[in-house]
Each structure stands twice: as C-alpha cells, then as structure tokens.
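K.L.:
Before we start, here is the structure in question, set down as structure tokens.
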Amino acid sequence: EAASFYPSRMIGRVADLKVDVPVAFVYPDPGSPAVLLRLGHPVLRGAGPGRDIVAFSTLCPHKGYPLGFCAADRSLVCPGHFSRFDCELGGQQIWGHATQNLAQIKLAVDDEGAISAVSIDELIYGRLHNVL
Ligand code: FES
C-alpha cells in the first residue's frame, strides 16, 4: 500500500509521555487498537528527539488477541499463546506461535513535539488492507 493512502493523525505529545508507560490509541481507524511507547533510549525506527518513541498494533499477528506491554524486557506479550514481540527491534517476534513480526506504526514528530501516526509497515491482523 502506498503511504499516501494512510491518514496522518496526531496521537500525543513528546512531553506527555513517560518512559515505559504505554498509551493506547487507534490507527488508522477505530477497529485497530495500538500502543504508543517511550522507551528512554534510542531504538530501531524510534521517533522524536531521543529516537525512543515507537508505536505498534496491539492485535497479535497469530490470532488477534490483545497484546500487553511488559516493561521488564520492553516487549509486547500475547495472553493467548504467549508470543512476544520486541519493541526495541521494530516489533520483531522473539518467541511463540505467531509467524510474522508485529505491525509497527510509523511516527512523525514535529518541532513542537506533536506526535503523529503516518503509516504502518505490515498488515494488521485479520486484514487484507490496512486502510479499509
Ligand atoms: Fe497471540 Fe496466539 S493469538 S500467540
């Protein structure tokens, strides 16, 4: 899908984020839950002045169970069949039944610290197209 088909939507402000405190949002539509995270150090595809802000779909790529954030190892963890995805490595799967990495939401941060979701790098669970 071309990035130009994605909506650009403000989802938060850098100053409001606390390290390891997840903030839920939806993107690109209300049927797609996601999480915004500040990890406190530079990470793969991290946005913002500290390159530490990332966002992911919270639907597990295996069967769509809702993922939860585990601050101990900065992973998103599935309560269904225990897949884990590394938030510091772009949603790479590190354990479990899923057969693909987690969909990461691309972020843009402006000079005022406003964070916008602008596109997604993998299919959201259960969809043929991310933008319906
Ligand atoms: Fe997440 Fe099965 S639904 S591992």
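K.L.:
In the set 35, 14, which member is within 16 Å of the ligand (Cβ to nearest atom), within 13 Å of residue 116 (Cα to Cα), open to solvent by less than 50 Å² (accessible area, probe 1.4 Å) and touching a Pro at 6+ places or on another chain (Cβ under 9 Å)?
P.N.:
On inspection, the qualifying residue turns out to be 35.
K.L.:
Okay, moving on. Could you tell me which of the residues 48, 80, 64, 90 is in contact (Cβ under 8 Å) with a residue 60 or more places away in the chain and under 18 Å from residue 124 (Cβ atoms)?
P.N.:
64
K.L.:
Given the conditions (1) more than 13 Å from the chain's Cα centre (by Cα); (2) farther than 28 Å from residue 5 by Cβ; (3) touching a residue at least 24 places away in the same chain (Cβ under 8 Å), report the number of the one that residue 132 does not fulfil.
P.N.:
Of everything listed in (1) more than 13 Å from the chain's Cα centre (by Cα); (2) farther than 28 Å from residue 5 by Cβ; (3) touching a residue at least 24 places away in the same chain (Cβ under 8 Å), residue 132 misses just condition (2).
K.L.:
Out of the residues in segment 86-111 that are over 23 Å from residue 26 (Cβ atoms) and in a loop (DSSP other than H, G, I, E, B), state the one that is least open to solvent (accessible area, probe 1.4 Å).
P.N.:
Here the answer is 96.
K.L.:
Evaluate the following for residue 77: is it open to solvent by less than 30 Å² (accessible area, probe 1.4 Å), more than 7 Å from the ligand (Cβ to nearest atom) and within 24 Å of residue 11 (Cβ to Cβ)?
P.N.:
No, not satisfied.
K.L.:
Please pick out the residue among 43, 77, 19, 14 that is farther than 20 Å from residue 131 by Cα and in contact with a helix residue (DSSP H, G or I) (Cβ under 6 Å, 6 or more places away or on another chain).
P.N.:
It is 43.
K.L.:
Please determine whether any residue of segment 51-70 is open to solvent by 30 Å² or more (accessible area, probe 1.4 Å), outside any strand (DSSP E or B) and in contact with a helix residue (DSSP H, G or I) (Cβ under 7 Å, 6 or more places away or on another chain).
P.N.:
Taking every residue of segment 51-70 in turn, none turns out to be open to solvent by 30 Å² or more (accessible area, probe 1.4 Å), outside any strand (DSSP E or B) and in contact with a helix residue (DSSP H, G or I) (Cβ under 7 Å, 6 or more places away or on another chain).
K.L.:
Quick one: would you say residue 40 is within 13 Å of the ligand (Cβ to nearest atom), open to solvent by 30 Å² or more (accessible area, probe 1.4 Å) and either of a type in the set (Asp, Glu) or closer than 24 Å to residue 16 by Cβ (or both)?
P.N.:
no
K.L.:
Okay, next question. Applying the selection to segment 71-85, what residues are of a type in the set (D, E, K, R) and in a loop (DSSP other than H, G, I, E, B)?
P.N.:
Across segment 71-85, the qualifying residues are 73, 74.
The values are calculated or read from the model by the stated rules, or taken from the named source; none is laboratory data. Nothing here was measured: the structure is a model prediction, and the numbers come from that model. All Cβ positions, glycine included, derive from the backbone under ideal geometry; neighbour counts span all protein chains shown. Quick note on the areas: whole protein, heavy atoms, side chains included, nothing else; ligands and nucleic acids left out. Shrake-Rupley method; radii C 1.70, N 1.55, O 1.52, S 1.80 Å.
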